[in-house]
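Asker: Below you will find the structure I want to go over with you.
Nothing in this text is a laboratory measurement; each read-out follows from the coordinates by a stated rule. What you see is a predicted model, and the numbers here were worked out from it, not measured in a lab. Cβ: placed from backbone, ideal geometry, glycine included. Neighbour counts: every protein chain shown.
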Amino acid sequence: MEENLQEIAERIRNNDCPDIRKNIVFVQDALDVLHGKWTVPILWAIFKGNYRFKDIQRFAPGLSDKILSQKLKQMMEDKLVERIEYQTFPPSVEYHLTEHGVSLYKVLALLMEWGGEHRKLMLEK
């Protein structure tokens, strides 16, 4: 992977990457999905098996009902999360990651690794 990154960096420096604008759009699309203070904590909560509304909320202290509801709706629109209603009394609802949502795990794990290295570098200043 390191060689591949070096090759890409060299192509960008040499202006030999005609598809870079298209690729930037893809990166921006991904960042748009992950934006906001609560998106990643909500995803981590569901990754860890907190599927009910209040369980997700407890995993992210300070997250209000209103914001959690808005974020879950947005995540459903982005096809990351699905809402499952159970016909029980009282009715119960759970939120699960779609296959598309599960695919974010690798991305978040890499971001976490990079973020740890970045934090370490910044603390060394």
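Asker: Relative to the first principal axis of the alpha-carbon coordinates of the chain, what is the inclination of helix 104-123, with its axis defined by its Cα atoms, in degrees from 0 to 90 and to the nearest 10?
Answerer: Helix 104-123 sits roughly 60 degrees off the main axis of the chain.
Asker: ³J(HN,Hα) across segment 40-55 via Karplus (A = 6.51, B = -1.76, C = 1.60, θ = phi - 60°), whole Hz, x for Gly/Pro?
Answerer: 5, x, 5, 4, 4, 4, 6, 3, 7, x, 8, 9, 8, 3, 5, 5
Asker: Need one number: nm distance between label points at Leu111 and Phe89, each 7 Å from Cα along Cα→Cβ, rounded to one decimal.
Answerer: According to this spin-label approximation, the distance is 4.4 nm.
Asker: Straight-line reach from Lys66: which lysines have a Cα under 23 Å away, not including same-chain ones fewer than 8 places off?
Answerer: Once the sequence-local lysines are set aside, what remains near Lys66 is Lys37, Lys48, Lys54, Lys79.
Asker: Right, next: Can you give the net charge of the other residues whose Cβ lies under 14 Å from the Cβ of Gly36, counting K and R as +1 and D and E as -1?
Answerer: Around Gly36, the surrounding residues sum to +1.
Asker: Under 5 Å between amide hydrogens, which residues at least 5 positions from Ser92 or on another chain qualify, with H placed 1.01 Å from N in the peptide plane?
Answerer: Hits under the 5 Å cutoff: Tyr86.
Asker: Given an 8 Å cut-off on Cα distances and at least 6 residues of separation, report the relative contact order of the chain as a percent.
Answerer: It comes to 16 percent, rounded to a whole number.
Asker: Now for a different question. Per residue of the chain, what 222 nm ellipticity follows from adding -39500 (n - 2.57) for every DSSP H run with n ≥ 4, rounded to the nearest 500?
Answerer: Mean residue ellipticity, 222 nm, calculated: -19500 deg cm²/dmol.
Asker: Same structure, new question: Of (i) 45, 37, 33; (ii) 64, 36, 24; (iii) 42, 31, 26, which one was derived for Cα extents along the principal axes in Å from the structure shown?
Answerer: Here the calculated entry is (ii).
Asker: Please give the FRET efficiency for Phe59 paired with Asn14, using the beta carbon to beta carbon distance and R0 = 41 Å, rounded to the nearest 0.05.
Answerer: 0.35
Asker: Turning to a different aspect of this structure: Among Asp32, Asp55, Asp78, which one moves the most in a GNM of the chain with springs linking Cα atoms closer than 10 Å?
Answerer: The residue with the greatest mean-square fluctuation here is Asp32.
Asker: Which value in nm describes the separation of the simple spin-label points at Met76 and Leu31, placed 7 Å from the Cα toward the beta carbon?
Answerer: Distance between label points: 2.9 nm.
Asker: If amide H atoms are built 1.01 Å from N in the plane of the peptide, which residues on other chains or at least 5 residues away come under 5 Å of the amide H of Val81?
Answerer: Met76, Thr98
Asker: Taking the dipole about the Cα centre of the chain, with the C-beta of Lys and Arg at +1 and of Asp and Glu at -1, give me whichever of Leu121, Asn23, Gly49 is farthest to the positive side.
Answerer: Farthest towards the positive pole: Gly49.
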